[in-house]
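Heads up, the thing below is written out as structure tokens.
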Amino acid sequence: FGTHNIDVLPALLRRAEHNRAAAVEIEESLKVFPSTLPTHRESAYAAWVSISVGCNNTCTFCIVPHLRGKERDRRPGDILAEVEAVASQGAIEVTLLGQNVNSYGVGFGERGAFADLLRAVGRVEGIERVRFTSPHPKDMDDKAIAVMAKYPNICKHIHLPAQSGNDRILKLMKRNYTREWYLERVAAIRRAMPDCAITSDIFCGFHDESEEDFQDTLSLMREVVYDNAFLFKYSERPGTYAAKYLIDNIPEDEKIRRLNEMIELQTQLSLESNLRDVGKTFEVLIEGFSKRSREQLFGRSQQNKVVVFDKQGYRVGQYVDVRIESATAATLIGKPVRPAEGYTPEAE
Ligand code: SF4
């Protein structure tokens, strides 16, 4: 079976058990969102909830529309019921998932439905942090930005995949926005939420990308000053439009050189962004022990930055206010503003 009929997994398991033989069933496209599939969650305090599958965009490098088909939106009532259920089981952070979360609603003809959903999820009793990934820049509307700005429990972090900073390449990728549009959306986010972190996915070496085109990508990165970014070199995916019609014509060593330049630049930008946080205090949701020491914990700020701090009686799944004392490109390092209630150093 495939992702299109994941909803029949329990039935297929029962059939295979009964017939003592493998069961095969392949669907061309998803008919109903598998809302009733039983789920098990690893984390007691964080939950990931799907709001849609598939994608109506046709980015030429991407295999998702071919594998997952058109966007199918889950009904708002089903999503809220799942969020309420995970909240009643103790989850305090929920991340809404979809290939293109902010086009949510196109499936049932309601533009702007993502902003309404975000607001409704943020109001669910017990949910203290709402995140989502990934939005598409062309669908990043003012309504969603306004809701994010208004509700303190909607995390101030937007992962906004740019892919390239050059209009000719964006057109070849069929991304449906220009550099100018993208930068205007970034400006709108920063106007409404000056403390909002912006991260991205960017890749170099796509079909016909010249040195000049690539320099536009570097200049976009500098202009936005991304807090973090996933950086790649183009690698062709069989079955995509690009694999058929846009030859992969940038030599591998050139792609590697460009990627290394991007990584070097982003490391500087991440460090700049993190150094700006030194002296500030962030509310951190604790996720576990730091890699270096059992005396330190780590967690994430609303901006999705990793924060490492002295334990001082705190535990995983709790919130702590941490004052940042130093930073690397990857991590903020600090101390709790106050120890956990009842904490005495001797007790540890
Ligand atoms: Fe859709 Fe994202 Fe793939 Fe583009 S890159 S087709 S928006 S899933």
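Just a few scattered comments:
- Here the condition is being in contact (Cβ under 8 Å) with a residue 60 or more places away in the chain and farther than 22 Å from ASN274 by Cα; of TYR177, TYR151, TYR234, TYR182, it holds for TYR234 alone.
- Verdict on ALA44 being loosely packed, with under 15 Cβ neighbours inside 10 Å and either within 21 Å of the chain's Cα centre (by Cα) or within 16 Å of the ligand (Cβ to nearest atom) (or both): yes
- Cβ-Cβ distances below 7 Å connect no pair with a first residue in the range 82-111 that is free of Cβ contacts under 8 Å to residues at least 12 places away in the same chain and farther than 15 Å from ALA144 by Cβ, a second residue that is aliphatic (A, V, I, L, M) and in a helix (DSSP H, G or I), and a separation of six or more residues or different chains.
- Of the candidates GLU82, GLU17, the single residue that is touching a strand residue (DSSP E or B) at 6+ places or on another chain (Cβ under 6 Å) and in a helix (DSSP H, G or I) is GLU82.
- Criterion violated by ILE92 - all others in (1) in contact with a strand residue (DSSP E or B) (Cβ under 9 Å, 6 or more places away or on another chain); (2) within 16 Å of the ligand (Cβ to nearest atom) satisfied: (2)
- Search result, residues across the range 59-79 that are at pLDDT below 95, assigned to a loop (DSSP other than H, G, I, E, B) and either near the ligand (Cβ under 9 Å from one of its atoms) or within 19 Å of the chain's Cα centre (by Cα) (or both): ILE63, GLU71, ARG74
- Any pair with Cβ under 7 angstrom, 6 or more apart, that starts in the range 13-26 at a residue that is closer than 8 Å to PHE1 by Cα and ends at one that is part of a helix (DSSP H, G or I) and at pLDDT below 95: GLU25/ASN5; GLU25/VAL8; GLU25/LEU12
- Test: ARG111 is away from the ligand (no atom under 16 Å from the Cβ), modelled with pLDDT under 95 and closer than 30 Å to PRO238 by Cα: no
- Filtered by the rule that a residue be charged (D, E, K, R) and either under 25 Å from GLY317 (Cβ atoms) or crowded, with 19+ Cβ neighbours inside 10 Å (or both), the range 93-118 gives a lone residue, GLU93.
- Residues in the range 159-180 that are closer than 27 Å to PRO194 by Cα, outside any loop (DSSP other than H, G, I, E, B) and more than 15 Å from the ligand (Cβ to nearest atom): ASP167, ARG179, GLU180.
The values are calculated or read from the model by the stated rules, or taken from the named source; none is laboratory data. None of the values given here were measured: they were computed from a predicted structure. For neighbour counting, all protein chains shown are included, and Cβ atoms are generated from backbone atoms with ideal geometry for every residue, glycine included.
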